[in-house]
Amino acid sequence: MSKNAVIVAAVIVVLVIGGWFLTRPKPAVAPEVSQPAPAVSESATVAQNSVTISQTGFSPATITIKIGESITWENTDTENHTVNSDNHPTHLLYSFLNLGLLKPEETKSVTFDKTGTYTYHDHLNPSLTGSITVE
């Protein structure tokens, strides 16, 4: 076999393998089975209740709302803060409350569709805590 024939064969093999990777069907991903999470919004327009975050903590630290109402967290500090579900550091108690990082002046909202008491904290400052009671 000549050198050119080997190169042509190698190019054909590379093209066939590359084509297969590009055209193969993507594996189906099974959806997670869990309770539906409350709606999360980046905008304060849906909020009915507000909680501010500053270097001294969440204000108000405890809030009571009615089912179907929303809470908007606003970072009024010059430093980043987070809103994360308890328990620290795993944040597994109420995963829908894991809003993550809020930069200065940023807001994030959650609408609560189930009654209960929900506790959370600032992962970057775990001593800053808050709770929401939904009636």
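Any read-out appearing in this document is the output of simple, stated calculations on the displayed coordinates, not a laboratory observation. In this text, all values refer to a predicted model and were calculated from it rather than measured experimentally. Glycine gets a Cβ as well: all are built from the backbone with ideal geometry, and neighbour counts include every protein chain shown.
Across the range 86-99, in residue order, what do the Karplus-derived ³J(HN,Hα) couplings come to in whole Hz, using 6.51 cos²θ - 1.76 cosθ + 1.60 with θ = phi - 60° and x for Gly and Pro?
Per-residue couplings from phi come out as 5, 8, 6, x, 7, 6, 9, 5, 9, 4, 5, 8, 7, 6 Hz.
Amide H of E69 versus every other amide H placed in the peptide plane: which residues, excluding those fewer than 5 positions away on the same chain, fall under 5 Å?
Answer set, sorted by chain and number: F112.
Quick one: order V8, V51 by neighbouring beta-carbon count within 10 Å, fewest to most.
V8, V51
Based on the Cβ-Cβ distance from L101 to S59, what FRET efficiency comes out when R0 is 22 Å, to the nearest 0.05?
Computed FRET efficiency for L101 and S59: 0.70.
7 Å from Cα along Cα→Cβ at both K3 and T90: what's the point-to-point distance in nm?
6.4
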